[in-house]
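The structure appears below as structure tokens.
The values are calculated or read from the model by the stated rules, or taken from the named source; none is laboratory data. Bear in mind that the values here come from a model prediction, so they are computed numbers and not experimental data. Every residue, glycine among them, receives a Cβ derived from its backbone with ideal geometry; neighbour counts consider all protein chains shown. Heavy atoms of the whole protein, side chains included, go into the accessibility calculation; ligands, DNA and RNA do not. Shrake-Rupley method; radii C 1.70, N 1.55, O 1.52, S 1.80 Å.
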Amino acid sequence: MKKGKYSSILAGVFSIILVLGALIAGWRETETVTGQTAGENTQRAMWDSSAEAGINVPETADGHMEVHFLDVGQADCILISCDGCHMLVDAGNNQDGEKITCYLKERGISELDYVIGTHPHADHIGGLDTVIDNFGIKTLFMPRKVHTTATFEDVIAAIEKHDLSITAPKPGDTYPLGSASFTILAPVKEDYGEELNNWSVGIKLVHGSNSVVMCGDAEEEAEEDICGSGLDISADVLKLGHHGSRTATGELFLKTVNPKYAIISCGGGNDYGHPHEETLNKLSEAGILAFRTDTQGTIVLKSDGKSLQFNVEPDKCRLSGDSLSYIGKR
């Protein structure tokens, strides 16, 4: 073989090696970039799953339902039990996880059919990682909003540890809970930016002719979106948004829900002054009877599908009518 031809062959082989090397490097680079992108999107991807809604929703209430508005200070935690089915809405602050776990276990609860983390603030999901570590969870709802706090990261880590998926709430979807059911009311918009309160998951809980609306910390903007959604949000009981803050429980929302009773979950002597006087005045002017966890402790509502019972009397109010009876003081 001639020297020139041999040199040409070597040059060709060298060129092929360079091309292959570039391709391999490109693949590796692509793999690395893809891995980084996947890591950044892991949390968002967790919301891709969805639970089936509207399956076997009860039309009548033959059993009994209890709604426990737990006293967790300046925070929210609500336990709903009906005919052996259980649901938890929020889980207080980080230090409340063990208290909530004990409260549930004392009632013989080992599995939760539904859990809702209404929005990423620590006073709503702080104890959620502890709850996830201690109970089997069938369906977990959280809004499609990623947060950067250590509290939120702890919850995501617990979700991944137990191989759970997150169901994105869709307004109008209805789910059964024993002889009760609940309908997702919010968030209505796909994006509320960095106003985390307005991302709150809202629900209407129905048991026979009784109903309860609770919408986390939704502010007036989100409340007005709920009013404009076309969903029926009228209810006997309203858990006030944002712990009774003046920035929630707008006049339109309050008028549309038109509740007989209001629940205010807040901490005694909290730094925010919740519940605000303006909100209490709205309730008083509308003739709505209020219950408060800061002055009365855990509030327990019982429903037989026809009438309601509470474990305490309304805060500083007097009742009239036959629709409410009492089952003893705390």
**Study point:** Extension gain (nm, one decimal) between residue 251 and residue 110, 0.36 nm per residue minus Cα-Cα
**Key:** 46.7 nm
Practice item. Work out how much length residue 138 to residue 234 would gain on full extension: take 0.36 nm times their residue separation and subtract the Cα-Cα distance, in nm to one decimal. Key: 31.7 nm
Check your understanding: Local charge sum around residue 195 (other residues, Cβ-Cβ under 9 Å, Lys/Arg +1, Asp/Glu -1)?
Key -> -3
Revision key, fill the gap. Taking a crude spin-label model, label points 7 Å out from Cα along the C-beta direction, the residue 295 to residue 307 distance in nm is 2.6 nm
Point to revise | Cβ-defined net charge surrounding residue 141, 13 Å radius [Lys, Arg +1; Asp, Glu -1] | key: +1
Check your understanding: Under a 5 Å amide H to amide H cut-off, with H placed in plane at 1.01 Å, what residues pair with residue 137 once short-range neighbours are removed?
Key -> 112
Exercise for review: Could you please report the charge total around residue 153, scoring K, R as +1 and D, E as -1 over all other residues with beta-carbon less than 11 angstrom from its beta-carbon?
Suggested key: -3
Review point. How large, in percent, is the carbon and sulfur part of the accessible surface of segment 177-234 at a probe radius of 1.4 Å?
Key: 42 percent
**Study point:** Per-q log10 I(q)/I(0), segment 98-210, q = 0.17, 0.20, 0.24 Å⁻¹ (Debye; single scatterer per alpha-carbon; no solvent)
**Key:** -0.89, -1.19, -1.45
Check your understanding: Can you list residues whose amide H is under 5 Å from residue 291's amide H, if they're 5+ apart or on another chain and H is modeled 1.01 Å from N?
Key -> 262, 263, 264, 315
Review point. Taking θ as phi - 60°, what are the ³J(HN,Hα) couplings along segment 274-285 by the Karplus curve (6.51, -1.76, 1.60), each to the nearest whole Hz, with x for Gly and Pro?
Key: 6, x, 6, 4, 4, 5, 4, 5, 4, 5, 4, 5
Exercise for review: Arrange the residues 204, 306, 189 by how much accessible surface each exposes, largest first, with a 1.4 angstrom probe.
Suggested key: 306, 189, 204
Revision key, fill the gap. Taking a probe of 1.4 Å and leaving out DNA, RNA and ligands, segment 189-276 shows per residue an accessible area in Å² of 37 Å²
